[in-house]
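Written out below as structure tokens is the structure these notes cover.
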Amino acid sequence: MQHTRRDGEPRPATTAKQPAAEDVNPSPIRIGVVDDHEMFRAGVIATLQPHFAIVGQAADVDGSVAMIDRTQPDVVLLDVHVPGGQGGGGAEILARSQALAPQSVFLALSVSDSPRDVGSVIRAGAQGYVTKTISAADLVSSIRQVHEGYAVFSPKLAGFVLSAFQEGGGEDGPVHDDELDRLSSREQEVMRLIARGYTYREVAGELFISIKTVETHVSSVLRKLQLSNRSELTRWAADRRIV
């Protein structure tokens, strides 16, 4: 997912150093890692250290809340089943930490793909949910995406996320159909796929349009619905049960 930078100037045949993305960015994304399995946590940290600044780690609810409060990470990589506290696991960490670290975003990383587990942390405010079968490259990409404000779910989990919001009840069913009517039929198609967790490239392939066209449609959808990012769009679509 990293791109080679080109400045238009000829480069010498040999260079002292090939800069990584982290060299270009003076402020690497700061990561906190929460998982109660020490070996897995160590493996994740080793995988992420070349790409990010690891500012803290924790293995239980209370320790995680304290770590998040102390280090103020940009992104918290959060297991769902974490011991301690009142027994609420990852969802409890989210609930207790958001006021302490309002700028932090949370990406759930769990062995579980059950709708109940997915729903609990998404309702609590997680920006995304990936399983521990994810590749190292995809995990790095997912962290970057949630840091940029995107909601990140695999297509398999996206349906669980939508179901979680629907089961969460809330209001009296579908709300304000006139909001959906603001969107063209093509914008509605793009919106549904984005809300399910598809990437721009996947949407383009599904609808046989260019990635640039997808970006244009997403920008239009967000503007018309007065939403800020893909995470808000996912919640908007789930609340209306239209995906």
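The values are calculated or read from the model by the stated rules, or taken from the named source; none is laboratory data. Quick caveat: nothing in here was measured; it's all calculated off a predicted structure. Virtual Cβ from ideal backbone geometry, glycine too; neighbours counted across all protein chains shown.
How many residues does the stretch 62-97 contain that are modelled with pLDDT under 95, more than 18 Å from the chain's Cα centre (by Cα) and closer than 18 Å to Glu38 by Cα? The total comes to 5. A residue that is modelled with pLDDT of 80 or more, in a helix (DSSP H, G or I), in the same structural domain as Asp69 (by TED's automatic domain parsing) and surrounded by 13 or more Cβ atoms within 10 Å (Cβ to Cβ) can be found somewhere in the stretch 128-138. Whenever a residue of the stretch 136-157 is within 12 Å of Phe106 (Cα to Cα), its partners that are outside any helix (DSSP H, G or I) and among the small types (Gly, Ala, Ser), lying with C-beta atoms within less than 6 angstrom and at least six residues away or across chains, give the pairs Val146/Gly128; Ala151/Gly128; Val152/Gly128.
Could you list, in sequence order, all residues of the stretch 187-201 that are part of a loop (DSSP other than H, G, I, E, B) and either at pLDDT below 85 or in the same structural domain as Val121 (by TED's automatic domain parsing) (or both)? Reasoning before the result, please.
Looking only at the stretch 187-201, we keep the residues that are part of a loop (DSSP other than H, G, I, E, B), and these are 196-199.
If the condition is that a residue be part of a loop (DSSP other than H, G, I, E, B) and either at pLDDT below 85 or in the same structural domain as Val121 (by TED's automatic domain parsing) (or both), then Arg196, Gly197, Tyr198 are the ones that fit.
Taking the stretch 39-59 as the range and being crowded, with 16+ Cβ neighbours inside 10 Å and not polar (S, T, N, Q) as the test, the residues that pass are Arg41, Val44, Ile45, Leu48, His51, Phe52, Ile54, Val55, Gly56, Ala58, Ala59.
Counting only residues that are of a type in the set (Ser, Thr, Tyr) and either outside any loop (DSSP other than H, G, I, E, B) or crowded, with 18+ Cβ neighbours inside 10 Å (or both), how many does the stretch 225-238 have?
Initial filter on the stretch 225-238 (of a type in the set (Ser, Thr, Tyr)): 228, 231, 234.
When the remaining residues are screened for being either outside any loop (DSSP other than H, G, I, E, B) or crowded, with 18+ Cβ neighbours inside 10 Å (or both), the result is 231, 234.
Of the residues in that region, 2 qualify.
Considering only residues in the stretch 98-114 that are modelled with pLDDT under 95 and more than 17 Å from the chain's Cα centre (by Cα), the one that is surrounded by the fewest Cβ atoms within 10 Å (Cβ to Cβ) turns out to be Ala99. Return the residue satisfying two criteria in turn: it lies in the stretch 70-93 and is closer than 15 Å to Ile31 by Cα and in contact with a helix residue (DSSP H, G or I) (Cβ under 9 Å, 6 or more places away or on another chain), and of such residues it is surrounded by the most Cβ atoms within 10 Å (Cβ to Cβ). Once the filter is applied, the top-ranked residue is Val76.
Keeping to the stretch 202-221, report how many residues are within 21 Å of the chain's Cα centre (by Cα), over 17 Å from Ala237 (Cα atoms) and touching a residue at least 12 places away in the same chain (Cβ under 8 Å). Result for the stretch 202-221: 3. Scanning the stretch 84-92 turns up one or more residues that are more than 22 Å from Asn229 (Cβ to Cβ) and free of Cβ contacts under 8 Å to residues at least 12 places away in the same chain.
Starting from residues that are surrounded by 18 or more Cβ atoms within 10 Å (Cβ to Cβ) and over 12 Å from Arg186 (Cβ atoms), keep the ones in the stretch 202-224 and report whichever is modelled with the lowest pLDDT. Residue satisfying both the conditions and the ranking: Ala204.
Condition first: modelled with pLDDT of 90 or more, surrounded by fewer than 20 Cβ atoms within 10 Å (Cβ to Cβ) and either among the hydroxyl-bearing types (Ser, Thr, Tyr) or closer than 25 Å to Gln145 by Cβ (or both). Can you find one or more residues in the stretch 7-27 that meet it? There is no residue in the stretch 7-27 that is modelled with pLDDT of 90 or more, surrounded by fewer than 20 Cβ atoms within 10 Å (Cβ to Cβ) and either among the hydroxyl-bearing types (Ser, Thr, Tyr) or closer than 25 Å to Gln145 by Cβ (or both).
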